[in-house]
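Below is one structure, written out as structure tokens; comments come after it.
The values are calculated or read from the model by the stated rules, or taken from the named source; none is laboratory data. Nothing here was measured: the structure is a model prediction, and the numbers come from that model. In this analysis, Cβ positions are derived from the backbone assuming ideal geometry, glycine residues included, and neighbour counts consider all displayed protein chains. Accessible surface is based on the protein model in full, side chains and every heavy atom, while ligands, DNA and RNA are left aside. Shrake-Rupley method; radii C 1.70, N 1.55, O 1.52, S 1.80 Å.
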Amino acid sequence: MSHTGTSTVEANKDRRLIALAAVAIHLSIGSIYAYSIYQIPLRETQGWATSQVTLAFSIAVFVLGITAAFLGRYVESYGPRLAGLAAAVLYGAGMLGAGLSVQFGSLPLFVLTFGVVGGMGIGLGYISPIGTLLEWFPDRRGMATGLAVMGFGAGALLTGPLGSYLIREFGVATAFYGLGGLYFVLMTLGASYLTKPADGWLPEGMDDEDGAHEKAKSALPGIEDLTAAEARTSLRFWMVWLIIFINVSAGIMLLAFASPMLQQIGGATATTAAFITGYIGIFNGGGRILWSSLSDYVGRTTTYGAFMLIQIVAFLLMPQLAGVWVLAGTMFLVITCYGGGFACLPAYLSDLFGTKEVSAIHGYALTAWGVAGVAGPQLASFILETTGGYTSALYIMNAALVVGLATVVALRWRLGTLQEGGTADQAGAATTD
């Protein structure tokens, strides 16, 4: 619902606690990044093949993207609190159902509960606090959403050790029960505090500026605010979609093949490669808050241009790099761009379309994540099987990143044209924007 009529108590809520509530939700659903801790226990206790165990993860990621795309309107209609509570119920039920599935020894039930129900909870939980954060932090859009999305990237840091301990001491079914209960509580507490600010609210220091209220909710000057339906047909939306798709494809390819690439290209031992791979989560999470905060000062388009330039150089050099840690450092830099791309996206969409229906627009944009999650690893796998090495895959991805940079430059030109001329988009007419 619209936040018209928000109570004085809600209007006076501490926006830092609003951000913390969002982090609690994202930290919980970010546990999907630690799914590998279930692989061996499920194979050993249930006799399921690796491909069967992985199926639940793949379906969860697919459902996540679909849910984010199609339930963004639900968040806009019913508000962040109800959406967050629904996400808590779905994700908690998915985890508890996964525990029951293990006790019953039922793979179809496991795929249904963890993959479908849990995936819906992740997708809804991912988008539910974003629009609210943008309204509470109109002066620091990038930093605020980056902080929440950092929680998602860092979710594995909590679930990895805790989940492994629970599995070791109490068994995999109990681990699902315990983690499901913990995440339900964290997400419920976070969602219960979420609310949009009252109409006309502005943070201290911003309320003195001329036109501050319009600036707080609107797109960049000279660019017309669009609804989610209008945004879907605009050229600038699909340019952003392509940029995100390429950025995610590059990062996810490294996430999927970091260990074997370190061994094949850098000459690392399996133990060293595993050790280095464990640090990727830190750079994934750290890159989200670093780049998103920086984007508040240099601009989002400039930030995405930097992502493309950095990765063009990195993917060009990686096949020739000598030394394990030089290669690892280059990978870490790419992963910060991967995480930063997610973190800057909500603020960028609010720059381009305004905050009115940004949750729904964000959901549509995240379909690029779902497509890239399949395309990046599949491309690398195909080229590896065909050539026996990663060099060709890295060069092909480098060419894609050049296309990404060209798209960023074209988008900057398009936005400059709109801003200079004060041109208004024609709703539903993709040919004009």
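Residue 389 - would you say it is out of contact with any strand residue (DSSP E or B) (no Cβ under 8 Å at 6 or more places or on another chain), open to solvent by less than 10 Å² (accessible area, probe 1.4 Å) and in contact (Cβ under 8 Å) with a residue 60 or more places away in the chain? It would help to see each step written out before you state the result.
Numbers: out of contact with any strand residue (DSSP E or B) (no Cβ under 8 Å at 6 or more places or on another chain): yes; open to solvent by less than 10 Å² (accessible area, probe 1.4 Å): no; in contact (Cβ under 8 Å) with a residue 60 or more places away in the chain: yes.
For residue 389, the condition - out of contact with any strand residue (DSSP E or B) (no Cβ under 8 Å at 6 or more places or on another chain), open to solvent by less than 10 Å² (accessible area, probe 1.4 Å) and in contact (Cβ under 8 Å) with a residue 60 or more places away in the chain - is not met.
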Query raised in the report: Can you find even one residue in region 9-24 that is at pLDDT below 85, over 30 Å from residue 232 (Cα atoms), surrounded by 14 or more Cβ atoms within 10 Å (Cβ to Cβ) and not charged (D, E, K, R)?
Result: yes
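Looking at this structure, is residue 89 surrounded by fewer than 20 Cβ atoms within 10 Å (Cβ to Cβ), under 20 Å from the mean Cα position of the chain (by Cα) and closer than 23 Å to residue 176 by Cβ? So that I can check it myself, show each step before the final result.
Numbers: surrounded by fewer than 20 Cβ atoms within 10 Å (Cβ to Cβ): yes; under 20 Å from the mean Cα position of the chain (by Cα): no; closer than 23 Å to residue 176 by Cβ: yes.
When the stated conditions are applied, residue 89 does not pass them.
Which one of 307, 342, 332 is closer than 23 Å to residue 156 by Cβ and in contact with a Cys (Cβ under 8 Å, 6 or more places away or on another chain)?
Working: 342 fails: in contact with a Cys (Cβ under 8 Å, 6 or more places away or on another chain); 332 fails: in contact with a Cys (Cβ under 8 Å, 6 or more places away or on another chain).
Residue meeting the stated conditions: 307.
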Report summary line: Reported set for region 355-374 where residues are among the small types (Gly, Ala, Ser) and modelled with pLDDT of 85 or more is 360, 363, 365, 368
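Scan 275, 332, 342, 283 and give me the residue that is aromatic (Phe, Trp, Tyr), within 16 Å of the chain's Cα centre (by Cα) and open to solvent by 10 Å² or more (accessible area, probe 1.4 Å).
Numbers: 275 fails: within 16 Å of the chain's Cα centre (by Cα); 332 fails: within 16 Å of the chain's Cα centre (by Cα); 342 fails: open to solvent by 10 Å² or more (accessible area, probe 1.4 Å).
Of 275, 332, 342, 283, the one residue that is aromatic (Phe, Trp, Tyr), within 16 Å of the chain's Cα centre (by Cα) and open to solvent by 10 Å² or more (accessible area, probe 1.4 Å) is 283.
Name the helices (runs of 4 or more DSSP H) wholly inside region 253-372 in which the number of residues that are farther than 20 Å from residue 241 by Cβ and aliphatic (A, V, I, L, M) is 3 or more. Quick ask: steps written out before the conclusion?
Details: elements: 270-277, 280-298, 300-317, 324-353, 358-365.
Qualifying helices (runs of 4 or more DSSP H): 270-277, 280-298, 300-317, 324-353.
For residue 335, state whether it is touching a helix residue (DSSP H, G or I) at 6+ places or on another chain (Cβ under 9 Å), modelled with pLDDT of 90 or more and over 15 Å from residue 287 (Cβ atoms).
Values: touching a helix residue (DSSP H, G or I) at 6+ places or on another chain (Cβ under 9 Å): yes; modelled with pLDDT of 90 or more: yes; over 15 Å from residue 287 (Cβ atoms): no.
For residue 335, the condition - touching a helix residue (DSSP H, G or I) at 6+ places or on another chain (Cβ under 9 Å), modelled with pLDDT of 90 or more and over 15 Å from residue 287 (Cβ atoms) - is not met.
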Query raised in the report: Do you know which residues across region 28-68 are part of a helix (DSSP H, G or I), modelled with pLDDT of 85 or more and among the small types (Gly, Ala, Ser)?
Result: 28, 30, 31, 56, 60, 68
**Report entry** Enumerated helices (runs of 4 or more DSSP H) restricted to region 128-204, each holding at least 2 residues that are out of contact with any His (no Cβ under 7 Å at 6 or more places or on another chain) and within 23 Å of residue 364 (Cβ to Cβ)
**Finding:** 130-136, 141-153
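Within region 129-155, can you find the residues that are open to solvent by less than 30 Å² (accessible area, probe 1.4 Å) and among the aliphatic types (A, V, I, L, M)? Outline the logic, then answer.
In the first step, residues of region 129-155 are kept if they are open to solvent by less than 30 Å² (accessible area, probe 1.4 Å); the result is 129-138, 141-142, 144-146, 148-149, 151-155.
Within region 129-155, 130, 133, 134, 144, 148, 149, 154 meet the criteria.
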Requested in this report: Name every residue in region 53-82 that is over 20 Å from residue 370 (Cβ atoms) and open to solvent by less than 70 Å² (accessible area, probe 1.4 Å), in order of residue number.
Outcome: 53, 76, 77, 79, 80
Query - Number of the condition not met by residue 39 [criteria: (1) surrounded by fewer than 20 Cβ atoms within 10 Å (Cβ to Cβ); (2) more than 21 Å from residue 103 (Cβ to Cβ)] - result: (2)
Requested in this report: Kindly provide the set of residues from region 379-396 that are among the small types (Gly, Ala, Ser) and part of a helix (DSSP H, G or I), ordered by number.
Outcome: 380, 381, 392, 393
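Those residues that are in a helix (DSSP H, G or I), open to solvent by 10 Å² or more (accessible area, probe 1.4 Å) and in contact (Cβ under 8 Å) with a residue 40 or more places away in the chain, I need them from region 103-113; list them, please. Please lay out each step first, then the result.
Here is the first cut: in region 103-113, the ones in a helix (DSSP H, G or I) are 103-104, 107-113.
Next, only the ones that are open to solvent by 10 Å² or more (accessible area, probe 1.4 Å) stay: 103-104, 107-109, 111-113.
103, 107, 111 - these are the residues of region 103-113 that are in a helix (DSSP H, G or I), open to solvent by 10 Å² or more (accessible area, probe 1.4 Å) and in contact (Cβ under 8 Å) with a residue 40 or more places away in the chain.
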